[in-house]
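The values are calculated or read from the model by the stated rules, or taken from the named source; none is laboratory data. It should be emphasised that the depicted structure is a prediction, and the values quoted were computed from it without experimental measurement. Here Cβ is always computed from backbone atoms with ideal geometry, including for glycine, and neighbour counts include all displayed protein chains. With ligands, DNA and RNA removed, areas are computed over all heavy atoms of the protein, side chains included. Shrake-Rupley method; radii C 1.70, N 1.55, O 1.52, S 1.80 Å.
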Amino acid sequence: MNTPMPLSAMAAPLMALRIFEDRYRHLPAPCVSVSTVYPNVLELSFHDDLDGFEEWRVALGIRSRNVSHGVQNSGRTRVLKAETSYSGGVVKLIGYAEIPVPDGERSRAEAAS
């Protein structure tokens, strides 16, 4: 039987979140995730809001060259990722945005309907 992880194990990301609420209250609200799987990580994700991702990236001092770019969902979703050390832990930013389908092209699902 495993000993349960105490809430104090998540002190770094929870402290970062408290600091952000005070210092960056004017920025767009992200989806927030803290997990017992990675108790030292605060994840801030932005869905269909790459501008919000960018505002947070700048506020946290993450250089644009440190942002990774990728796609998922069969090339239909753009994904941006960046991370930085903060308050003794790691802050991960993730931005998701739909990649527009060029005019005249439809997905297989749209064509079948």
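Contact order normalised by length for the range 1-93, with contacts defined as Cα pairs under 8 Å and 6 or more residues apart; what percent is it?
Over the range 1-93, the number comes to 29 percent.
Would you mind working out the magnitude of the charge dipole of the chain relative to its Cα centre, with +1 at each Lys and Arg C-beta and -1 at each Asp and Glu C-beta, to the nearest 20 Debye?
Charge dipole, the chain, about its Cα centre: 360 debye, nearest 20.
Residues of the range 21-67: accessible area per residue at 1.4 Å, in Å²?
Computed with neighbouring chains in place, this is 65 Å² per residue.
Between Lys81 and Tyr38, what is the spin-label point distance in nm, taking each point 7 Å from the Cα along the Cα→C-beta axis?
Here the modelled spin labels are 0.7 nm apart.
Can you tell me the 0 to 90 degree angle between the C-alpha axis of helix 11-23 and the longest principal axis of the chain, rounded to 10?
Computed tilt is about 70 degrees.
Calculate what fraction, in whole %, of the accessible area of the chain sits on carbon and sulfur atoms when a 1.4 Å probe is rolled over the protein chains.
Using a 1.4 Å probe with all protein chains present, the chain comes out at 50 percent carbon and sulfur.
Between Ala29 and Met5, what's the calculated FRET efficiency when r is the beta-carbon distance and R0 is 35 Å? Round to 0.05. Display every interim value, and only then the final one.
Values: r = 27 Å, r/R0 = 0.76.
Once the sixth-power term is evaluated, E becomes 0.85.
Counting only trypsin sites (Lys or Arg not before Pro) that sit in a DSSP loop (anything but H, G, I, E, B) with at most 16 other Cβ atoms within 10 Å, what is the longest stretch of the chain containing none of them?
That would be 26-62.
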